[in-house]
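> First the structure, then my questions, so here it is.
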Amino acid sequence: MANILILEGNPAIRRSFNLALTSEGHCVMEASCLQNFMVHANVADIAVIDVDLPDHEGYLAARHLHAQHPQAGVILLGEQAGGAELIHGLRQFADQFLTKPITPELLGAYIAPMVRRLGDAGWRLDPLKRELQSPGGHRTTLNHQEMCLMGLFATRPRAATVSRRDVVTALGYDWMDYDERRLDQMVSRLRRRWFNHTGAELPLHTERGTGYRISVSLGHA
């Protein structure tokens, strides 16, 4: 649903956040320091940042993300909700400040409306350019078969499963004579190309024995 980058100094907390958010369908990346954070910042839709890290690394990370990816959502985590630096951060580049400790479930609840806003900003399918575009500005060119697949998602409600038979029919083949392994190969290639190009996972999921679904809202550009 969203690419979420977690900057947290405590490995156990970082892992608990990762497990909870992954279970909700998100692609989660972990960072323990500013240097690790900067590696993934360009593909983050939302960042969860510990501002209690040494040398103000949390605030530096938030500033870096805002400069590089200003539309990304930012949640700051800290033990104390106060101070001029925090107020400046909230005014300039952060959406929320949450006081630690916070449970993974509560963090997920705060992230949910931010993800909905990302969906509203929209993934877009451009038929003229044959492009798939993410809210973060990433895009890739699609071939004819990939356009047919993504076009089906654009006409369905969010997270609706498109059956394998519907995909084969949209591609112009006879369902009875079609080798379904070709569908899985097509989807695998598309996921791999998106990841190689953007560094993020494509929210395209295989429903075993049924079909495929995309866990974001997709509309036409």
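The values are calculated or read from the model by the stated rules, or taken from the named source; none is laboratory data. On a predicted model such as this, the values are computed, not experimentally measured, just so you know. We place every Cβ from the backbone using ideal geometry, glycine too, and count neighbours over all the protein chains shown. Side chains are part of the model used for accessible areas, which takes the heavy atoms of the whole protein and leaves out ligands, DNA and RNA. Shrake-Rupley method; radii C 1.70, N 1.55, O 1.52, S 1.80 Å.
> Mind pulling up the Rg/Rh value for the chain? Radius of gyration and Kirkwood radius, both on Cα.
1.03
> Which value, in debye to the nearest 20, describes the size of the charge dipole of the chain about its Cα centre when Lys and Arg Cβ atoms bear +1, Asp and Glu Cβ atoms bear -1, and nothing else is charged?
Its charge dipole is roughly 660 debye.
> With springs only between Cα atoms under 10 Å, which of PRO127, PRO70, PRO101 fluctuates most in a Gaussian network model of the chain?
The residue with the greatest mean-square fluctuation here is PRO101.
> Under a Cβ-Cβ cut-off of 13 Å, what is the net charge of the residues other than GLU201 that fall near it, where Lys and Arg count +1 and Asp and Glu count -1?
Spelling it out: positives minus negatives among the neighbours equals +2.
> If you fit an axis through the alpha-carbon atoms of helix 104-121 and take the longest principal axis of the Cα set of the chain, what angle between them do you get, 0 to 90°, nearest 10?
60 degrees
> If one computes the Cα centroid of segment 174-197 and of segment 125-165, what distance in Å separates the two points?
The two parts, judged by their Cα centres, are 13 Å apart.
> Could I ask something else about it? Given a cut-off of 20 Å, what percent of all Cα-Cα pairs of segment 59-144 lie beyond it?
Distances greater than 20 Å cover 49 percent of the Cα pairs.
> So what is the relative contact order for the chain, in percent, with contacts set as C-alpha pairs under 8 Å and at least six apart?
Relative CO of the chain lands at 18 percent.
> While we're looking at this one, here's another question. For every other residue with a beta carbon closer than 15 angstrom to the beta carbon of PRO101, add +1 if it is Lys or Arg and -1 if Asp or Glu, then tell me the sum.
Cβ neighbours under 15 Å give a net charge of -2.
> Tell me the angle of helix 144-154 to the major Cα principal axis of the chain, expressed in degrees between 0 and 90 and rounded to the nearest ten.
On a 0 to 90 degree scale, this one is about 60.
> In a GNM of the chain with a 10 Å cut-off on Cα contacts, which of ARG208, ARG189, ARG164 has the highest mean-square fluctuation?
ARG208
> Follow-up question, since we're still on this one. Among CYS33, ALA112, TYR212, whose Cα lies farthest out toward the positive end of the dipole of the chain, if unit charges sit on the beta carbon of Lys, Arg (+1) and Asp, Glu (-1)?
Value computed over the given set: TYR212.
> Can I ask one more? Could you identify which residue out of ASP50, ASP184, ASP174 has the top mean-square fluctuation in a GNM of the chain using Cα springs shorter than 10 Å?
Of ASP50, ASP184, ASP174, the Gaussian network model singles out ASP174 as fluctuating most.
> Still on this structure, please answer the following. I'd like the accessible area for THR210, computed on protein heavy atoms only with a 1.4 Å probe and all protein chains in place. Round to 10 Å², please.
80 Å²
> Another question, then. What's the carbon and sulfur percent of the chain's accessible surface, probe 1.4 angstrom, rounded to a whole number?
Roughly 50 percent, rounded to a whole number.
> How charged is the neighbourhood of SER16? Take every other residue with its Cβ under 15 Å from the Cβ of SER16, and add Lys/Arg as +1 and Asp/Glu as -1.
My count for the surroundings of SER16 gives -2.
> Please give the helix 57-68 orientation as an angle from the longest Cα principal axis of the chain, in degrees from 0 to 90, rounded to the nearest 10.
So the inclination is approximately 40 degrees.
> Run the simple label-point estimate for ARG91 and ARG182 please: 7 Å along Cα→C-beta, distance reported in nm.
In this crude label model, ARG91 to ARG182 measures out at 6.1 nm.
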